[in-house]
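These notes are about the structure you will find just below.
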Amino acid sequence: MIFGCGTLTDLLVPYLRQAGHLVTVLADDADALERLRREYQVQGVWITEPLMQDYLQEGEIETAEVFLAISDRDHQNALVAQIAKHIFNVGTVICRLENPQLQQLYTGLGLKVIGTSTSGLYAETRQLIEG
Amino acid sequence: MYVTIIGCSGVGYHLAKALLAAGHEVLVIEKSHSRCQLLYDELGSVVLCGDGTDQRVLKSAGVGRADILAAVTGVDETNLVACQMAKETFQVPRTMAVITDTKNESVFHFLGVDVVVNTTHLAVTGLEGGVPGRPMIHLLDLKVPDTELVSVSIPEDAAVVGKRLGEIQLPPHSFVSLVVKRNQAELAASNLVLEGLDEVVAVTVADEEQSLYDALTGV
């Protein structure tokens, strides 16, 4: 089950489908959902209201083995990943956070966190500037 | 007490005013500059402009010595992040949040938010109580998940009128705790006879609400 349908979801879905996994995507972008449904036969749940647990149940989260909270909104990812982990006891929960403070906070609170490493970007940028 | 308030629209503003009037030390953190300016003009230097989920902002607000952090923005997930950051990073002993998505209440409690106020539920309960006839009123959410106290008004032509409580079939997890009659409230003994216009106070769970209502009001 994937929350969010940005670039990362676009990259992951073809790979997951090719490997034979069942995929459900929850997102508020109806057009992107429709495209994923058409091209990769994923289940889509269109989010229109702030009723997160209802949408998770509509997507049958209790059957999910892996939950990816990878929208481009840190706060929403943090909430929904914790619901998946603690309320629905999904085995593997991965949460994308871009804010380094939140990466640290939620790693400390036991979430598996992914996101751009700002210290890496900083080092890389400096290296490029200094040639 | 030193109370940090995150978000200063309706709830935050009135909470700040009430706490200041009660003699507490208050600092409000608000994201919008124009809103901050308005608040500064009225409340003085208790307003800090910034993101209440940014550690640097919280640090400069002295959240480390706050007794309470109240996250009252209109966005549930932002309130959760603010509370978790306050508790984990700044060891604030008591965190409070408002929510609009009713089902977030148990999640927030589970994740360590001490006080969770469900504004949607409060508004609906208030409005429901104002509708004439008042079929079923939600009185209180109990500590047990999904369990609540409700009040049902018995119609004069209901099938249960004239029956003893012990004879009435209710859903398995629902039971009557109190019957409010015209002159007095009575404990729900099994030989108590129901009459039209009685107010029945019952414990029920979300799934059984409708069948409890049907059992008590059906003709």
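Taken together, the values in this text are just the output of simple stated rules run on the coordinates, not laboratory data. Since the model is a prediction, treat every value here as computed from it, not as a measurement. Every residue, glycine among them, receives a Cβ derived from its backbone with ideal geometry; neighbour counts consider all protein chains shown.
Would you work out the relative contact order for chain B, in percent, from Cα pairs under 8 angstrom that are 6 or more residues apart?
Worked out over chain B, it gives 13 percent.
Using the Karplus equation 6.51 cos²θ - 1.76 cosθ + 1.60 (θ = phi - 60°), what ³J(HN,Hα) coupling, rounded to whole Hz, does each residue of the range B:90-101 give in order, writing x for Gly and Pro?
10, 6, 5, x, 9, 10, 9, 9, 9, 9, 10, 8
Can you find, among A:Y106, A:V42, A:G6, the residue sitting farthest towards the positive end of the charge dipole of the protein assembly as shown, where Lys and Arg contribute +1 and Asp and Glu -1 at Cβ?
Value computed over the given set: A:Y106.
Provide the packing ranking of B:104-116, A:28-40, i.e. peptides ordered by the mean count of other C-beta atoms within 10 Å per residue, highest first. Please report the intermediate quantities before stating the final value.
Details: B:104-116: 19.4, A:28-40: 14.7.
Ranking, from highest mean packing down: B:104-116, A:28-40.
Return the percentage of antiparallel bridges among DSSP beta bridges fully within chain B, rounded to the nearest 5 %.
Restricted to chain B, the bridges split so that about 50 percent are antiparallel.
Once you list every other residue whose beta carbon is under 12 Å from the beta carbon of A:R35, what net charge do they have if Lys and Arg are +1 and Asp and Glu are -1? Intermediate values should be presented prior to the final figure.
Details: positive: A:R37, A:R38; negative: A:D10, A:D29, A:D31, A:E34, A:E39.
For residues surrounding A:R35, the net value is -3.
Largest first and in whole Å, give the semi-axes of the range B:132-217's equivalent ellipsoid, each being the square root of 5 times a Cα gyration tensor eigenvalue.
In descending order, the three semi-axes are 19, 13, 13 Å.
List the residues whose amide H sits under 5 Å from the amide H of A:F3, counting only those 5 or more places along or on another chain, with H placed 1.01 Å from N in the peptide plane.
Close amide H contacts, sequence-distant or interchain: A:L26, A:L68, A:A69, A:I70.
What does the average come to when, for each residue of peptide A:73-82, you count the partner chain Cβ atoms lying within 10 Å of its Cβ?
Mean number of neighbouring Cβ atoms from other chains: 5.
Give me the Å³ per residue figure for the convex hull around the C-alpha atoms of chain B.
Details: hull volume 32.2 nm³, N = 219.
Expressed per residue, the convex hull around the Cα atoms of chain B is 147 Å³.
In whole Å, how far is the Cα centre of the range A:1-63 from that of the range B:31-70?
One Cα centre to the other: 38 Å.
With θ set to phi - 60°, apply the Karplus curve 6.51 cos²θ - 1.76 cosθ + 1.60 along the range B:146-162 and write out the HN-Hα couplings as whole Hz, x wherever there is a Gly or Pro.
Values, residue by residue: 6, 9, 9, 9, 10, 10, 10, 8, 7, x, 5, 9, 5, 5, 7, 5, x Hz.
Only counting other Cβ atoms within 10 Å, I'd like A:C5, B:C49, B:C83 sorted with the fewest neighbours first.
Lowest to highest Cβ neighbour count: B:C49, A:C5, B:C83.
Which whole-number percent is the relative contact order of the range B:119-219 (Cα, under 8 Å, 6+ apart)?
Relative contact order, the range B:119-219: 32 percent.
Quick one: P(r) of the range A:1-96 from all Cα-Cα pairs, 10 Å bins, percents rounded to integers, in order of increasing distance.
Percent of Cα pairs in each bin: 17, 56, 26, 1.
Pull out the extension gain between B:L20 and B:R65, defined as 0.36 nm times the separation in residues minus the alpha carbon to alpha carbon distance; nm, one decimal.
Values: separation 45, 0.36 × 45 = 16.20 nm, distance 1.75 nm.
Extra length from B:L20 to B:R65 when fully extended: 14.4 nm.
In the protein assembly as shown, with Lys and Arg counted as +1 and Asp and Glu as -1 at Cβ, which of these residues, B:L170, A:M52, B:F110, has the Cα nearest the positive end of the dipole, that is, farthest along it?
Toward the positive end, the furthest listed residue is B:F110.
Could you work out the mean projected area of the convex hull around the alpha carbons of the range B:2-122, in square nanometres to one decimal?
In nm², the orientation-averaged hull projection of the range B:2-122 is 6.7.
Could you please state, rounded to a whole Å, how far the C-alpha centre of the range B:107-152 is from the C-alpha centre of the range A:73-131?
34 Å
Could you tell me the relative contact order of chain A? Use alpha-carbon pairs under 8 Å, at least six residues apart, and round to a whole percent.
19 percent
Per residue, what volume in Å³ does the convex hull of the Cα atoms of the range B:49-111 enclose?
Working: hull volume 4.4 nm³, N = 63.
Convex hull of Cα atoms, per residue: 70 Å³.
Other chains near A:86-95: what is the mean number of their Cβ atoms within 10 Å of each residue's Cβ?
That average works out to 1.
Explain nothing, just compute: Karplus ³J(HN,Hα) = 6.51 cos²θ - 1.76 cosθ + 1.60, θ = phi - 60°, for every residue of the range A:73-83 in order, whole Hz, x for Gly and Pro.
10, 4, 4, 5, 4, 4, 5, 5, 5, 5, 5
Might you report the magnitude of the Cβ-based charge dipole of the range A:2-129 about its Cα centre, with Lys and Arg at +1 and Asp and Glu at -1, to the nearest 20 debye? All intermediate terms of the calculation are to be shown ahead of the outcome.
Numbers: 9 positive and 16 negative charges, 95 e Å.
It comes to approximately 460 debye.
Which entries of B:K143/B:K181; B:K31/B:K59; A:K112/B:K143; B:K17/B:K59 have Cα-Cα distances beyond 25 Å here?
B:K143/B:K181; A:K112/B:K143
Once you charge only the Cβ atoms, +1 for Lys and Arg and -1 for Asp and Glu, what is the size of the charge dipole of the protein assembly as shown about its Cα centre, to the nearest 20 debye?
Numbers: 24 positive and 45 negative charges, 193 e Å.
Its charge dipole is roughly 920 debye.
Put one equal scatterer on each alpha carbon of the range A:65-131, apply the Debye formula with no solvent term, and list log10 I(q)/I(0) at q = 0.17, 0.22, 0.27 1/Å to two decimals.
-0.59, -0.83, -1.11
What share of Cα pairs, in percent, lie more than 28 angstrom apart in the protein assembly as shown?
Cα-Cα pairs of the protein assembly as shown separated by over 28 Å account for 57 percent.
Based solely on its DSSP helices, what 222 nm [θ] is calculated for the protein assembly as shown when runs of n ≥ 4 H residues each add -39,500 (n - 2.57) and the sum is averaged over all residues, nearest 500 deg cm²/dmol?
Value at 222 nm, helices only: -11000 deg cm²/dmol.
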